[in-house]
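What follows draws every value from the coordinates through simple rules; no lab data is involved. Just so you know, these numbers come straight off a predicted model, no measurement behind them. No Cβ is skipped: glycine too gets one built from the backbone with ideal geometry, and neighbour counts run over all protein chains shown.
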Amino acid sequence: MNKIPNKGQDQHQILANLKAFKGQDLPWQAGKIFAYIYQTSPAAKAVAEAAYLSFLPENGLDPTAFPSLLQLEQQVIGQLTPLLGGDEEVKGNCTSGGTESVILAVKAARDYARAKYPEQKEFEILVPSTAHPCFYKAAHYLDIDIKSIAVDPQTQRLNVADMRAAINEKTILLVGSAPSYAHGVMDPIAELSDLAIEKDLLLHVDACVGGMYLPFLRQLGHEVPPFGFELPGVTSISCDLHKFGYVPKGCSTILYRSKELRQHQIFSCSQWPGYTVVNPTVLSSKTGAPMAAAWAMFQYMGLEGYQNAVADCQAARDAVIEALEQLPSLELIGQPDMSLLAFASKDEDLSIFDLADQLNEKGWYVQVQLASPHSPAAIHLSISHFNCPHIPNFVTDLQVTVAELMSTPVKENELLAALDHSMLALLMEDFDPAMLGQFQELMGLESAEGGLPADMGAVNQLLNVLSAKQREDVLLAFMNELI
Ligand SMILES: *Cc1c(COP(=O)(O)O)cnc(C)c1O
């Protein structure tokens, strides 16, 4: 059944079938999804998609063959640079996403260190405990060490003194987020900049989610602490355009203070008989579509368009925060610096996972965050422009759902409740992928069609009591089954 047909089929049928695949997806078009999808107006979407399609076949593999792409990339980076406090010394590239941008920044830092300190054999980066997992991925792929520095559990901000204390002879790069994805909280980048200069270290600012928001918030007159190249210790910045830049996915940027630094990002190879390879980014053959879409969005939105979008998102965020302040069983985590926020349950009669499930049943999509040593279990919201008109309804549903849950006893997973947590941890110590099935059975988790568990609340309760390493093992085994 699942094979390429002998004879090609009718295009209308094919496209209809493709559309049918989306039947089980989150219905994001309604604007009630607070993660994964970043949209502004339908008109902007149309412009971005037309621009995207218009450069789909062009190949960024070789900028001498397609100088148009070189120009688009230079102009996108050039137009972004002043927003991030940079001058004409700044060099950068468009990448496929925040993860690629960060991998490249870490690679550049490693190879800079190799060039500068040829005798150094071990390399370590220091990140706040709220840093995005892509830093762990970068360390994993590049075979270097990474150390997580606990943030203040109250503010979710890095304490720079703690990072200072962790610096050692292996350290090559400090990292701060502007802001963190999980809680929308900015690390003290100015203090990190001073530290980086004092210790002669590189400093990467992860502005993947904030880079196309905070500068406009500042232009609107809000107090936004400095986080860009205006701080002399900041040596590289990642900034996604496929989040608050409202460019279709596959578009981020990585910027360096100077070309001396950026050169360590570039890979060139002449060890085969084919075309010579010189790639600034991870991808080799790559479509010009995201760069064209980014360029088009910058021109279409203008500074004013982005400012208006940010003003609406900030008002939406304020409305959610105000609602949270009036719900004694919920607690905003830290003081979010933009329209990303997270809230936890303060009341043991209210399971944050059940609240997420119930909100999602009502047609919303909120993201669950498991508890970690320095951050409580939480519901996360990323509010982008197309969410804004739905915020009053969301606030109402939040209030109603909390009241409903508070008047019904917590739906404990019986087995989980019966199992002592330490016993469960013991069980998990020797996790074997073959245990995955038993585990699902144990939890009474019926696998829905497509292999996804039906009761996410129970899954989250279970994952929540496991250690990070155990979670990683379970999820890896799960993914290996899924695809
Ligand atoms: C989204 C995000 C990333 C990773 O970006 P991807 O585009 O998903 O690879 C990294 N850091 C932060 C702060 C982010 O919000």
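Tabulated data for the structure shown
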read-out: Of residues in segment 143-159 being buried (at least 17 other Cβ atoms within 10 Å of the Cβ) and farther than 10 Å from Pro128 by Cβ, the one nearest to the ligand (Cβ to nearest atom); value: Ile146
read-out: Only one of Gly250, Gly210, Gly245 that is closer than 28 Å to Asp143 by Cβ and assigned to a loop (DSSP other than H, G, I, E, B); value: Gly250
read-out: Residue match in segment 167-187 (condition: under 22 Å from the mean Cα position of the chain (by Cα), within 16 Å of the ligand (Cβ to nearest atom), surrounded by fewer than 23 Cβ atoms within 10 Å (Cβ to Cβ) and of a type in the set (Gly, Ala, Ser)); value: no
read-out: Flag if Ala165 is farther than 24 Å from Cys251 by Cβ and not charged (D, E, K, R); value: yes
read-out: Which listed residue is over 24 Å from the mean Cα position of the chain (by Cα), within 19 Å of Pro226 (Cα to Cα) and among the charged types (D, E, K, R), from Asp87, Asp111; value: Asp87
read-out: Scan of segment 49-85 for residues that are in contact (Cβ under 8 Å) with a residue 60 or more places away in the chain and assigned to a loop (DSSP other than H, G, I, E, B), ordered by number; value: Phe55, Leu56, Pro57, Glu58, Gly60, Leu61, Asp62, Phe66, Gly85
read-out: Answer residue from segment 264-278, given it is touching a residue at least 24 places away in the same chain (Cβ under 8 Å) and more than 24 Å from the chain's Cα centre (by Cα) and is farthest from Ala65 (Cα to Cα) among those; value: His264
read-out: Qualifying residue in segment 104-127 (condition: closer than 30 Å to Pro376 by Cβ, within 15 Å of the ligand (Cβ to nearest atom) and in contact with an Asp or Glu (Cβ under 7 Å, 6 or more places away or on another chain)); value: no
read-out: Filter pass, Lys121 being of a type in the set (Lys, Arg), more than 24 Å from Leu332 (Cα to Cα), free of Cβ contacts under 8 Å to residues at least 24 places away in the same chain and surrounded by fewer than 24 Cβ atoms within 10 Å (Cβ to Cβ); value: yes
read-out: Qualifying strands (runs of 3 or more DSSP E) (wholly inside segment 276-374; at least 2 residues being closer than 30 Å to Pro128 by Cα); value: 330-332, 340-345, 367-369
